[in-house]
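Everything below concerns the one structure shown next.
The values are calculated or read from the model by the stated rules, or taken from the named source; none is laboratory data. Fair warning: this is a prediction, and the values are worked out from it, not measured in the lab. Backbone-built Cβ (ideal geometry, glycine too); neighbour counts: all protein chains shown. Just the protein is used for accessible areas: all its heavy atoms, side chains included, with ligands, DNA and RNA removed. Shrake-Rupley method; radii C 1.70, N 1.55, O 1.52, S 1.80 Å.
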Amino acid sequence: MKKSVCLKSVIIISLAFFSCSNSKDLTDVSENLYTIKNIVTHIEDETVWATELEQSRLSKPVAESAAYIPEGHSLTTDSARLSSALRPSVYPSFSDFGSLDVSSVEYKYLEGAEKLCSNISLWKEELLFNIFPASFRFNFIFFAEELKAGWKNNFSADFPEAEIVVTGEGDGKIEESVIHLFDRWIFGEPAILENLIQFPVRFYCNLGYVDVTLYMSPERENSLYNIKIERWVKHE
């Protein structure tokens, strides 16, 4: 009988101990959860959220944006890539120069314009003179005179002097007189006519930039009819 009473006492004491222990653990968990909740609430209150861009567009179903996907086809990774390819391309532009989209011109004319601009930038005067057809070489003479006079008038600096550049090695060494006028250039959107290509070009140097128009022949590669200076802008 005494053994039975002792056993019951041990069980009651054990249950009481575990009950107190579990109650303390639950209290700790509750306090921790309350602390985390306060932290999250504080972060939400203190965070400055950015304004949504194109909110109406972002809220539309993806299917509505797939205007270029044929009906009955699901939008997959490949079809999404195709959809993007079919959309009109977006090109940068300058308010005082126009679009930089040159996609409408054939590569051979773009390549020819690159060579012409390189010759102008290094001021290979004799080579440029010979690029013009004989009946249009007077246009180059006018352009050269305007460029030299405009350099002084607009950039307040003397026209750069020639430098001797050596290329090649050994017996193949060549000395060439070069005048460095411009460091780089960009092309604007060309106007393509039946017998003429008008190529806007902006030439940059450390003094400013010069906008010109190249009047190129679509029949003869690397052939120029005229070079017209449109604008001088000096760096402040």
Considering only the other residues whose Cβ falls under 13 Å of the Cβ of HIS180, what net charge follows from Lys and Arg at +1 and Asp and Glu at -1?
-2
Accessible surface ranking that places the most exposed of TYR225, TYR204, TYR91 first, with a 1.4 angstrom probe:
TYR91, TYR225, TYR204
Between the stretch 194-222 and the stretch 111-144, the alpha-carbon center distance in angstrom
10 Å
Ratio of alpha-carbon Rg to the 2.2 N^0.38 Å globular estimate for the stretch 154-236, to two decimals, please.
1.40
Counting only backbone N atoms under 11 Å from a point 7 Å out along Cα-to-Cβ of TYR107, the residues of the stretch 177-192 in range are none
So for the pair ALA191, ASN154, with labels modelled 7 Å out along Cα→Cβ, what separation do we get in nm?
1.9 nm
For the stretch 170-222, accessible area per residue (1.4 Å probe, heavy atoms of protein chains only), Å²:
54 Å²
Which value results for Rg/Rh of the stretch 131-180 when Rg is the Cα radius of gyration and Rh the Kirkwood radius based on the inverse mean 1/r?
1.15
Could I have the simple spin-label model distance between LYS228 and GLU169, label points 7 Å from Cα toward Cβ, reported in nm to one decimal?
4.8 nm
Of LYS115/LYS152; LYS115/LYS228; LYS108/LYS148, pairs whose Cα-Cα distance is over 24 Å
LYS115/LYS152; LYS108/LYS148
Of the accessible area of the stretch 84-236, with the probe set at 1.4 angstrom, what percent is carbon plus sulfur?
49 percent
